[in-house]
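Novice: Take a look at the following structure, please.
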Amino acid sequence: MHPIPSHPNPSSDSAKPQAARETWGSKTGFLFAAIGSAVGLGNMWRFSYMAAEHGGAAFVGLYLVMTALLGAPILLGELSFGRHTRRGVVSAFRTHGGRYFRWLGWVPLAGAFLILAYYCVIAGWTLRYALECMFTGFPADPAKHFTEVSTGPVAVLLQLSFLLLTAFVVLGGVQRGIERASVILMPLLFLMVIGLVLYTGQLPGAKEGYKAYLFSGGFDDLFSLKVMVHAAGQAFFSVGLAMGCMHTFASYLGPNEPLARHTAVIASADFGVAFFSGLIVFPLIFTFGLQSAVGESSIGALFITLPEAFSGMGVAGRAVGTVFFLVLLVGALTSAISLLEVVTSSAMDLFSWSRKKAAWIGGAAVGLAGVPAALNLQTLDWMDRVTGNLVLLVAAIGTSLFIGWSMPDAIGVARQQGASKRWQSGDMLWRAWRFLLRFPAPIGLLILLASSLWEFVHP
Ligand code: PHE
């Protein structure tokens, strides 16, 4: 492992003095944490449902292209800005955002806060499903069961328990909490995913399932605006962009980091896990003839359809189902950690609070904000749509404009020292990066935003 030396704030001109900032213990630790933030509920159920709804291979290809052309450039921008400023997202924009973008940090902070509030509710259901699958098996009527699980006092209890678990990790700090948890949990997650892919690959419906949803189909609609919009939205949510998570994690990095390479690793791992989740989910669905139930709703696909499949598999289903829900739970936990860290680090910077105080007060506020979502499914849906379709997009447009146009010497900052020879010499690539942030990203995102607003007015 390569220890990252701590170093003084490189740009303290307009900044008030800071206490020594925590750093990652190793590159691997940072990478696992960042991949943990990216890989979450979005990769597993949201991806499968989207691929099913939009008819397969064409959507998957489009999602890959969107990740590469829109997601990765913004990710690199976020990493650069976070490492450069070495501050939480609000205070980074406040001190380095210049005249036009000083306010921008509040948007990702609000987004992270709201996403975490309802994300904990879904993670709470996942926790319950994992425990049920392990100890009792699922009851006969999965749809009715889902209604019981998803709202009410028990949902609140589970939401708060999950949040407490998240807070416990964040309280431990960057190295002893987040890094340690990620280094243990992420390899575990990869192993479980590979195990599940191998197992479901030999189910009778596997070939058909792959073919129908991942390797063929959907080319007729390839250029429809809706499919493109959804592919881009999926790429964004899945990589976990524009919510300050990547920014905050990068703010604990030292100066000698190959950020472009980190970007490639994080984005590929995120796409890889999404694709593998498809390899797991579709064979199950085809083997148990549940195709018609998949396209209905994103939540239904996971929490109603899959328990039905697992129940149909007898004892093996109990084991496979338990592993499946554990994968979801681990993915959700590592993502939630990154979201709570955004809130915590911002509170630490803004009010000079200790980590302990910031994590407790921030966590309590998030828990309170999530209670309405745990009591009412429509509230949850609403929070998801507002944050996923509006807040996230505004933050992403702001970030790409800021880094593309306004941040002084963005390329120099991004490639600072750590870039390998290949990247140093690849000036063309750096310019291509900035070009993507200047034109295609903001324009594409504006179209997305317009279409989202349209959907809000005409649901
Ligand atoms: N990327 C996470 C997922 O796929 C969700 C997330 C969104 C995490 C935004 C952080 C920020 O589930």
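Novice: Can you pull out every residue in region 69-91 that is over 18 Å from the mean Cα position of the chain (by Cα), over 15 Å from residue 348 (Cβ atoms) and among the hydrophobic types (A, V, I, L, M, F, W, C)?
Specialist: Within region 69-91, 81 is the sole residue that qualifies.
Novice: So, in region 32-62, how many residues would count as being within 28 Å of residue 124 (Cβ to Cβ) and either part of a helix (DSSP H, G or I) or more than 15 Å from the ligand (Cβ to nearest atom) (or both)?
Specialist: Total satisfying the criteria: 20.
Novice: Sort out which residues of region 76-119 are part of a loop (DSSP other than H, G, I, E, B) and free of Cβ contacts under 8 Å to residues at least 24 places away in the same chain, and write them in order of number.
Specialist: Matches in region 76-119: 102, 103.
Novice: Can you name the condition, by its number, that residue 315 falls short on among (1) within 14 Å of the ligand (Cβ to nearest atom); (2) over 26 Å from residue 78 (Cβ atoms)?
Specialist: (1)
Novice: Related question: Filter region 212-255 down to the residues that are in contact (Cβ under 8 Å) with a residue 24 or more places away in the chain, assigned to a loop (DSSP other than H, G, I, E, B) and under 20 Å from residue 449 (Cβ atoms) and list them by number.
Specialist: Correct list: 240, 241, 242, 243, 244.
Novice: Within region 191-202, track down each residue that is assigned to a helix (DSSP H, G or I) and free of Cβ contacts under 8 Å to residues at least 24 places away in the same chain.
Specialist: 191, 198
Novice: Mind checking which residues of region 231-270 are within 15 Å of the ligand (Cβ to nearest atom) and more than 26 Å from residue 333 (Cβ to Cβ)?
Specialist: Scanning region 231-270 gives 231, 232.
Novice: If you don't mind, there's one more thing I want to ask. May I ask you to say which residue of 273, 281 is within 16 Å of the ligand (Cβ to nearest atom) and modelled with pLDDT under 95?
Specialist: 281
Novice: Within region 136-166, take every residue that is in a loop (DSSP other than H, G, I, E, B) and hydroxyl-bearing (Ser, Thr, Tyr) and give me the one that is surrounded by the most Cβ atoms within 10 Å (Cβ to Cβ).
Specialist: 151
The values are calculated or read from the model by the stated rules, or taken from the named source; none is laboratory data. Because the structure is a prediction, the values reported are computed rather than measured. Glycine gets a Cβ as well: all are built from the backbone with ideal geometry, and neighbour counts include every protein chain shown.
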